[in-house]
1. What shape does the chain take by its C-alpha gyration tensor, where a ≥ b ≥ c are the square roots of the eigenvalues and a/c under 1.5 counts as rounded, a/b above b/c as prolate, and the rest as oblate?
2. Give the relative contact order (percent, whole number) for the chain; include only Cα pairs under 8 Å separated by 6+ residues.
3. Could you identify which residue out of 229, 207, 138 has the top mean-square fluctuation in a GNM of the chain using Cα springs shorter than 10 Å?
4. For residue 239 and residue 67, what does the FRET efficiency come to when R0 = 30 Å and r is the distance between their Cβ atoms, rounded to the nearest 0.05?
5. Compute the projected area of the convex hull of the Cα atoms of the stretch 110-250, averaged over all viewing directions, and report it in nm² to one decimal place.
6. Can you give the percent of C-alpha pairs in the stretch 9-108 whose distance is more than 16 Å?
7. Need one number: nm distance between label points at residue 166 and residue 89, each 7 Å from Cα along Cα→Cβ, rounded to one decimal.
8. Report the extension gain between residue 59 and residue 80 in nm, rounded to one decimal, defined as 0.36 nm multiplied by the number of residues separating them, less their alpha carbon distance.
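Values in this text are rule-based calculations from the coordinates and carry no lab data. These numbers come from a predicted model, not from an experiment. Glycine gets a Cβ as well: all are built from the backbone with ideal geometry, and neighbour counts include every protein chain shown.
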């Protein structure tokens with residue numbers, strides 16, 4: 001469906017009702033779909049073959065990349081309805097409905113394990129840094145913010161579509177990794193070694209923990225070793241996404 005002749009103008013439209021449901025986590029899981037907003041993210045999603053439908057604000061055709069309109073399912077939406085559907089304050093004129101799918105983690109040379117990371121911006125930044133420093137995958141433990149939260153996706157700047165991400169219970173997964181020869185390194189301010197003293201192994205996984213309480217004690221007791229980042233005495237601790245980015249850069253392959 002495309003062009004001004006087929007504008008969705010009613011909030012009773014079944015398609016629109018379906019799209020509005022995707023603003024909520026429970027429906028994203030139930031319907032196995034999520035929304036991305038903005039031209040850059042839509043193009044990244046198209047490149048990853050993740051797009052089911054494209055939604056364009058009325059009268060916005062001339063502002064957008066022509067490749068967007070090559071997709072087989074493009075819907076034009078009345079401006080007021082489009083803006084209600086958008087989660088950003090000043091929405092760009094295009095969104096995509098993407099299929100919710102887990103990208104497999106093919107290698108485990110460098111992995112990031114996340115324990116109860118709850119801030120969407122932190123998760124998004126960690127995903128972006130993991131892609132920048134060529135990590136093989138990210139594992140989200142229980143208690144992490146919803147991966148398909150629009151703030152998470154937006155803060156990844158498209159990196160979301162470029163790395164394998166899985167969700168599972170961390171402790172059993174940690175033992176599986178160790179049985180496969182992966183050195184699992186925790187992060188802790190106490191009973192830990194400075195980052196520079198940790199050798200670079202062929203296969204490594206790093207655990208980052210909750211913004212307030214850090215990595216779960218049970219996980220820290222099961223690691224091969226734990227590290228901390230040395231810094232000025234004027235600072236008590238680093239933001240988890242900054243700390244994670246420093247670690248990933250240090251141990252990048």
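1. Since a/c reaches 1.5 and a/b is larger than b/c, the shape of the chain is classed as prolate.
2. Contact order relative to length: 19 percent.
3. 229
4. 0.25
5. Projected over every direction and averaged, the Cα hull of the stretch 110-250 covers 7.9 nm².
6. Counting pairs separated by more than 16 Å, the tail of P(r) holds 56 percent.
7. Rounded to a tenth, the inter-label distance reads 4.0 nm.
8. Numbers: separation 21, 0.36 × 21 = 7.56 nm, distance 1.23 nm.
That pair, residue 59 and residue 80, stretches by 6.3 nm at full extension.
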